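Colleague: Starting off with a structure, shown below.
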Amino acid sequence: SFCFLTDSMATVSDRDADPPADIEFVHEDDGRVTARHVESGVASFGDTEAEALRQLADALDSHFGDGEEIDDPQAYLAELGIDVEIGEDGPPPWLE
């Protein structure tokens, strides 16, 4: 099931306020919550609606080019302990 929300803006300090406008929440069968920005289609997930919104904010920053530039994505991921192996098709578009 999902809840489609289109009303007022929320603030971090007001837990009872409505979520941001044009955000859709999908409550997955595994208990996670997906938050999707309806206009752009960008989505992210978390264990709660609040966590899904925080992750969505980061995804929207990246989508709209407002995120931090990473000069060497492979080195950055290695620094985080994420093992990256680039296949014969080359890196995914977001690492180019």
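The values are calculated or read from the model by the stated rules, or taken from the named source; none is laboratory data. Just so we're clear, the structure is a prediction, and the values are computed from it rather than from any experiment. Cβ: placed from backbone, ideal geometry, glycine included. Neighbour counts: every protein chain shown. The accessibility values were calculated without ligands, DNA or RNA, using every heavy atom of the protein model including side chains. Shrake-Rupley method; radii C 1.70, N 1.55, O 1.52, S 1.80 Å.
Colleague: Got at least one residue in the range 53-64 being open to solvent by less than 70 Å² (accessible area, probe 1.4 Å) and at pLDDT below 80?
Modeller: No: the range 53-64 contains no residue that is open to solvent by less than 70 Å² (accessible area, probe 1.4 Å) and at pLDDT below 80.
Colleague: Return yes when residue 34 is among the hydroxyl-bearing types (Ser, Thr, Tyr), modelled with pLDDT under 80 and either open to solvent by less than 80 Å² (accessible area, probe 1.4 Å) or in contact with a Pro (Cβ under 8 Å, 6 or more places away or on another chain) (or both) and no when it is not.
Modeller: So residue 34 fails the test.
Colleague: Scan (1) modelled with pLDDT under 80; (2) open to solvent by 100 Å² or more (accessible area, probe 1.4 Å); (3) not hydrophobic (A, V, I, L, M, F, W, C) for the single condition residue 39 breaks and write down its number.
Modeller: Condition not satisfied by residue 39: (1).
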